[in-house]
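Structure first, commentary second.
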Amino acid sequence: NAEMPLADIAALLENQRIKRVPVVGDDVLIGIISRSNLLQALVAQGTTKTASTPVADDRQIREQILQELNENSGARIDLVSVIVDKGVAHLWGIADTEDEAAAMRIAAENVPGVRAVENHTTMRSMLMMTQGA
């Protein structure tokens, strides 16, 4: 759907473990969105706002979440992506255990300005099962 919000597209890509999604308008294929296109759109969306908008706050919150994850969760932050939209933190990536995923969620929840946390992390063991390893 050409009107689908970026957060919904990101969730679709992650939940279905796909790298691209078709964009359909009036029952006609009008394009394809890849993960890199999504990231470019999110970056562009952030650079067109002024510093007084929630995007500036979202950037600060994101940086604080990454710092908190690095210092207090035990997670490998090189395996985690964080997107913050209007104070809602979306955590994407790989966790070794359920406890690590919970620690990541708690670390993000403890950052001032975070209204909610959507934890989309995948357990490494589940990832290995789907890859047949």
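The simple Förster model, with R0 at 35 Å and r as the Cβ-Cβ distance, assigns Asn110 and Val24 a FRET efficiency of 0.30.
Using the Cβ-Cβ distance between Ile32 and Asp78 with R0 = 25 Å, the FRET efficiency computed as 1/(1 + (r/R0)^6) comes to roughly 0.35. Under 14 Å from a label point set 7 Å out along the Cα-to-Cβ vector of Glu118, the amide N atoms of segment 56-87 belong to 82-87.
The numbers here are math on the coordinates, done by the rules we state, and not lab data. On a predicted model such as this, the values are computed, not experimentally measured, just so you know. Note that each Cβ is placed from the backbone with ideal geometry, even for glycine, and that neighbours are counted across all protein chains shown.
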